[in-house]
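Novice: What follows is a structure written as structure tokens; I'll ask about it next.
The values are calculated or read from the model by the stated rules, or taken from the named source; none is laboratory data. Quick caveat, the model's predicted, so the values are computed rather than measured. Cβ atoms come from the backbone with ideal geometry, glycine included; neighbour counts cover every protein chain shown. Quick note on the areas: whole protein, heavy atoms, side chains included, nothing else; ligands and nucleic acids left out. Shrake-Rupley method; radii C 1.70, N 1.55, O 1.52, S 1.80 Å.
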Amino acid sequence: MTIALVQHFYRPSPRTNVSPSLFAVETLSLSKRYGKTDALRGLNFTVNEGEIMVILGPNGSGKTTLLMILCTILKPTSGTAKVVGIDVVEDGTKVREVMGIAFQEARGFWRHKPSSILRFHASMFDIDPAKRQDLIERTMKDLELWESRDKLFMHLSGGQAKRLETAKVLIQRPKLAIFDEPTSQVDLRGKRKIWDKIRELRDQGSTIIVATNEVREAEYLADRVTILHQGQRVVCDTIPKLKDAIAGGDIVEVDFEDPVSEKLVDSLNGLGGEVSMSPEGNQLRAKVSRAEDWVPKMTSASYVAGAKIASIRITEPSLDDVFLHFTGKALADQP
Amino acid sequence: MSHLSRLVRIARTDFSYFFRTKWLMAVLISLSLSDMLVVGLVYGRLIPTRFAGLTYFQFLVPGIVVVGLFSAATDTGRRIWLALREGVVQYYLTLPIRTRGLVGAYIISGGLGGIVYSGALLAIAYVALSFLGPTAIPVQGIAYALLLIPFLFVLATGIAGLAAFFASVSRRGEIYWVYAQALQVSMITISTVFYPAQTIAQYLPAPVATIAEYNPLSLAAGVLRTSAFGGNPLDAGVLANLLATSLLLAVLGALAYWTILRNIRLNGKP
């Protein structure tokens with residue numbers, strides 16, 4: 001498997017500085033400083049091939065700076081960044097051939113129509129001219145842009161312009177697709193469409209990075225999540241593992257038909273987690289690391305003690321809670 | 001796809017913008033046409049004096065054509081300013097083309113704008129002269145005009161380069177127009193675009209007269225007068241000077257624009 005991955009990314013060329021890499025994206029001690037402000041501080045970050053990596057962080061956390069470096073618009077102050085094994089500073093043009101980005105603020109030629117913008121984009125990335133028109137039409141229809149095909153870019157609504165930005169990446173089908181807050185200004189129906197298309201792109205083989213500060217977007221899309229805070233990576237893992245990592249992360253509420261005995265409470269306390277009983281003694285609330293492990297043990301203990309369970313409710317923490325746990329601040333409270 | 005074909009595609013897209021701002025085209029062409037037709041033809045009849053064998057109309061029109069070329073080429077600056085402020089430049093920076101290719105594309109697009117616009121003015125002038133003018137255009141003059149097109153193209157790229165520089169350093173759109181107008185006033189005033197060289201030498205200090213003589217706008221207007229309208233053979237020395245001064249402007253402008261793009265890569269803004 002490792003050899004296959006290396007072979008996939010390592011395509012030696014006399015003109016490019018390609019080095020073997022196991023990751024679709026890899027940064028090492030990456031820093032970016034604007035004047036006296038550090039936007040990124042020694043960031044180590046990797047993205048596996050074919051996954052959707054969501055970068056979660058408030059405004060000013062360094063998300064956009066990281067993306068701008070990966071798509072070669074910005075040069076890092078120090079450290080290295082590689083996209084499919086190609087150094088973004090040493091061989092930016094080569095990186096740009098395999099990468100596509102949908103900007104946070106839509107960028108288009110003001111006096112061009114959406115189809116003309118997409119045709120230009122497709123031509124710059126060598127999309128087969130025979131298939132180009134078909135692909136553009138299909139993508140525009142998928143993203144509900146077809147009705148706006150005769151409008152100039154400057155007359156598109158914010159949501160339409162954002163969808164056009166996404167469409168550029170979708171027709172390009174790059175090895176690395178970057179979406180910077182892809183659904184800001186887009187209505188709920190449009191959001192779902194964009195999310196589905198992003199997942200489809202992943203299923204077609206692209207590696208995807210999505211930067212967002214929307215928890216729902218992250219939960220819908222992410223294979224893994226990296227939390228950025230003040231230019232540093234705080235944590236990176238799958239969503240279930242991030243939630244599990246919170247001590248007392250799952251909340252289990254159990255209703256018993258009758259008040260339970262002290263003995264059962266003692267035995268439940270011995271199962272781990274933080275257990276509290278209601279004053280009436282028939283409702284239990286436990287903060288546990290993994291509800292799926294704790295609940296079977298609890299039901300066994302209750303059965304042995306002869307306590308009848310009326311209902312069990314399990315709630316899990318949101319990514320907001322995860323962010324709060326790892327940074328000490330709520331995502332929504334950030335500037 | 002090669003870098004060259006990507007460069008051409010970007011230049012073509014940017015060039016197409018020139019025709020998409022119809023109001024600007026209308027303003028530009030109406031000013032040039034009114035200068036050419038009203039002032040040229042009316043004054044041509046009021047001023048019977050010939051300058052180096054040319055009527056006043058034949059003397060004036062090359063100047064108008066050169067100013068038209070200047071205006072059209074400086075439109076590149078407006079487009080660059082818009083592209084910088086609207087973030088289109090950032091989009092261009094994500095395309096698989098080198099920064100110098102991007103600079104080249106803009107400069108070429110400016111050159112194309114200049115040549116298309118001034119070429120149209122030249123054609124209108126020929127038509128006007130054929131129907132209304134006191135003297136006919138020599139056939140070889142049209143052939144010389146066609147031969148001059150590549151040189152005028154290089155001149156337009158030079159002016160586009162300067163416009164790119166001013167666009168890059170302008171914080172606001174209005175400021176860009178101030179720079180562009182100041183450049184136009186100074187380059188046209190210190191030139192022989194609208195006055196004979198001896199008039200400049202007579203009234204202005206010698207160094208200014210020398211600058212006016214080697215001003216690429218003067219050289220272009222001069223060669224249009226003598227060859228495209230006068231029918232005299234093209235002067236290789238003048239063409240070499242025109243090429244050298246225009247290329248110098250193009251290189252300086254391209255370098256300035258390249259520096260701005262480099263600043264964007266370093267600082268995230270121009």
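Novice: Counting only heavy atoms of the protein chains, get the accessible area per residue of the protein assembly as shown (1.4 Å probe) and round it to a whole Å² value. Can you show the working numbers first?
Specialist: Details: 26580 Å² over 605 residues.
That works out to 44 Å² per residue.
Novice: Looking at chain A, what % of its DSSP beta bridges pair antiparallel, to the nearest 5? Working shown, then result.
Specialist: Working: 36 of 54 bridges.
Beta bridges within chain A, antiparallel portion: roughly 65 percent.
Novice: Express the carbon and sulfur contribution to the solvent-accessible surface of chain B as a percent, rounded to the nearest whole number, probe 1.4 angstrom. Don't skip to the answer; put the middle values down first.
Specialist: On the way: 8100 of 11410 Å².
Ligands and nucleic acids excluded, carbon and sulfur reach 71 percent.
Novice: Once R0 is set to 60 Å, what does the formula 1/(1 + (r/R0)^6) return for the Cβ-Cβ distance between A:S184 and B:S34, expressed as a FRET efficiency to the nearest 0.05? Write out the running numbers ahead of the final one.
Specialist: Values: r = 49 Å, r/R0 = 0.81.
Once the sixth-power term is evaluated, E becomes 0.75.
Novice: Per residue of the stretch B:49-62, in order, report the coupling 6.51 cos²θ - 1.76 cosθ + 1.60 (Karplus, θ = phi - 60°) as ³J(HN,Hα) in whole Hz, putting x for Gly and Pro.
Specialist: Karplus values, whole Hz, x for Gly and Pro: 4, 9, 10, 6, x, 10, 6, 4, 4, 5, 6, 6, 4, x.
Novice: Of the peptides B:53-65, A:221-233, B:24-36, A:118-130, how do they stack up when ordered by the mean number of other Cβ atoms within 10 Å, highest first? Walk me through the numbers on the way to the answer.
Specialist: Details: B:53-65: 24.1, A:221-233: 21.4, B:24-36: 15.6, A:118-130: 17.2.
Those peptides, ordered most packed to least, come out B:53-65, A:221-233, A:118-130, B:24-36.
Novice: Among B:I108, B:I175, B:I188, which one shows the biggest mean-square fluctuation in a GNM of chain B, springs joining Cα atoms closer than 10 Å?
Specialist: Comparing B:I108, B:I175, B:I188 in a Gaussian network model of chain B, the most mobile one is B:I175.
Novice: Could you check the simple spin-label distance between B:F19 and A:D320, using points 7 Å along Cα→Cβ, in nm with one decimal?
Specialist: Between B:F19 and A:D320, the label points sit 5.4 nm apart.
Novice: On to the next question. Of the listed pairs A:K113/A:K141; A:K63/A:K94; B:K22/B:K269; A:K113/A:K168; A:K175/A:K197; A:K113/A:K175, which have alpha-carbon separations greater than 18 Å here? Can you show the working numbers first?
Specialist: Numbers: A:K113/A:K141 15 Å; A:K63/A:K94 23 Å; B:K22/B:K269 30 Å; A:K113/A:K168 13 Å; A:K175/A:K197 15 Å; A:K113/A:K175 27 Å.
The pairs that break the limit, which is 18 Å between Cα atoms, are A:K63/A:K94; B:K22/B:K269; A:K113/A:K175.
Novice: Counting only Cα, what are the radius of gyration and maximum Cα-Cα distance Dmax of the protein assembly as shown, in Å?
Specialist: Cα-based Rg and Dmax for the protein assembly as shown come out at 33.3, 122 Å.
Novice: Taking 8 Å as the Cα distance limit and 6 or more residues as the minimum spacing, I'd like the relative contact order of chain A as a percentage. Before the final figure, lay out the partial values.
Specialist: Values: 642 pairs, mean separation 60.3, N = 335.
Relative CO of chain A lands at 18 percent.
Novice: Also, quick follow-up: Per residue of A:66-75, count partner chain C-beta atoms within 10 Å of its C-beta, then hand back the mean as an integer. If you can, show how the numbers build up before the last one.
Specialist: Details: counts 0, 0, 6, 1, 0, 3, 5, 10, 7, 6.
Partner Cβ neighbours, averaged per residue: 4.
Novice: While we're on this one: Starting from the alpha-carbon convex hull of chain A, give the projected area averaged over all orientations, in nm².
Specialist: Working: hull surface 87.4 nm².
Approximately 21.9 nm², given one-decimal rounding.
Novice: Roughly how tilted is helix B:3-20, in degrees to the nearest 10 and between 0 and 90, from the longest Cα axis of chain B?
Specialist: Helix B:3-20 sits roughly 60 degrees off the main axis of chain B.
Novice: Right, next: Check A:F179: other-chain or 5+ apart residues with amide H under 5 Å from its amide H, H built from backbone geometry?
Specialist: A:A102, A:I209, A:V210, A:A211
Novice: Could I ask something else about it? Starting with the highest mean, order B:201-208, B:85-92, A:61-68, A:78-85 by the number of other Cβ atoms within 10 Å, averaged over the residues of each peptide.
Specialist: Details: B:201-208: 11.4, B:85-92: 19.2, A:61-68: 24.9, A:78-85: 21.2.
Descending mean neighbour count gives A:61-68, A:78-85, B:85-92, B:201-208.
Novice: Measure of size requested: the Rg and Dmax of the stretch A:73-147, with Cα atoms as the atom set and Å as the unit; please supply both.
Specialist: Cα-based Rg and Dmax for the stretch A:73-147 come out at 15.5, 46 Å.
Novice: Roughly how large is the B-A contact in terms of buried accessible area, totalled over both chains, probe 1.4 Å, nearest 100 Å²?
Specialist: Numbers: alone 12730 and 16550 Å², together 26580 Å².
That pair hides around 2700 Å² of surface in total.
Novice: Another question, then. Step through the residues of the stretch B:233-238 one at a time and calculate ³J(HN,Hα) from phi using the Karplus curve (6.51 cos²θ - 1.76 cosθ + 1.60, θ = phi - 60°), rounding each to whole Hz and writing x for Gly and Pro.
Specialist: Taking θ as phi minus 60°, the curve returns x, 5, 8, 4, x, 5 Hz for the stretch B:233-238.
Novice: Still on this structure: Got a sec to turn the phi values of the stretch B:255-263 into Karplus ³J(HN,Hα) couplings, 6.51 cos²θ - 1.76 cosθ + 1.60 with θ = phi - 60°, whole Hz, x for Gly and Pro?
Specialist: 4, 5, 5, 4, 4, 5, 5, 5, 4
Novice: For A:101-108, what's the mean count of beta carbons from other chains sitting within 10 Å of each residue's beta carbon? Present the calculation step by step, with values, prior to reporting the outcome.
Specialist: Numbers: counts 3, 0, 4, 1, 3, 3, 9, 4.
Neighbouring Cβ atoms belonging to other protein chains average 3 per residue here.
Novice: Here's something else I'd like to know. Compute the relative contact order of the stretch A:247-316 as a whole-number percentage, counting only Cα pairs closer than 8 Å that sit 6 or more residues apart in sequence. Display every interim value, and only then the final one.
Specialist: Values: 122 pairs, mean separation 34.8, N = 70.
Reported relative contact order: 50 percent.
Novice: Could you tell me what a quarter of the Cα convex hull surface of the stretch B:1-157 works out to, in nm² with one decimal place?
Specialist: On the way: hull surface 41.7 nm².
It is 10.4 nm².
Novice: What are the extents of the Cα atoms of chain B along their three principal axes, in Å, largest first?
Specialist: Here the Cα extents, ordered largest to smallest, are 59, 39, 34 Å.
Novice: Moving on to the next point. Need the list of lysines near A:K308 for cross-linking: C-alpha distance under 28 angstrom, and skip anything on the same chain fewer than eight residues off.
Specialist: A:K263, A:K287, A:K297
Novice: Cα extents of the stretch A:253-335 along the three principal axes, largest first, in whole Å?
Specialist: Taking max minus min along each principal axis of the Cα atoms, the stretch A:253-335 gives 52, 24, 19 Å.
Novice: Computed FRET efficiency, Cβ-Cβ of A:E137 and A:S311, R0 60 Å: what is it to the nearest 0.05? Before the final figure, lay out the partial values.
Specialist: Details: r = 52 Å, r/R0 = 0.87.
Approximately 0.70, to the nearest 0.05.
Novice: A follow-up question, please. For the stretch B:143-270, report the convex hull volume of the alpha-carbon atoms normalised per residue, in Å³, without decimals.
Specialist: Value for the stretch B:143-270: 117 Å³ per residue.
Novice: As a test, work out the antiparallel percent of DSSP beta bridges whose residues both lie in the protein assembly as shown, rounded to the nearest 5.
Specialist: Working: 37 of 55 bridges.
So the antiparallel bridges in the protein assembly as shown amount to around 65 percent.
Novice: Relative contact order (percent) for the stretch B:3-267, with alpha-carbon contacts under 8 angstrom and 6 or more residues of separation?
Specialist: Numbers: 363 pairs, mean separation 66.9, N = 265.
Contact order relative to length: 25 percent.
Novice: Let me ask something additional. What's the average, rounded to a whole number, of partner chain beta-carbon atoms within 10 Å of each residue's beta-carbon in B:7-19?
Specialist: Per residue, the average neighbour count from other chains is 2.
Novice: Do me a favour and compute the ellipsoid semi-axes for the stretch A:124-254 from its Cα gyration tensor, root of five times each eigenvalue, largest one first, whole Å. All intermediate terms of the calculation are to be shown ahead of the outcome.
Specialist: Working: eigenvalues 216, 56, 37 Å².
Gyration-tensor ellipsoid for the stretch A:124-254: 33, 17, 14 Å.
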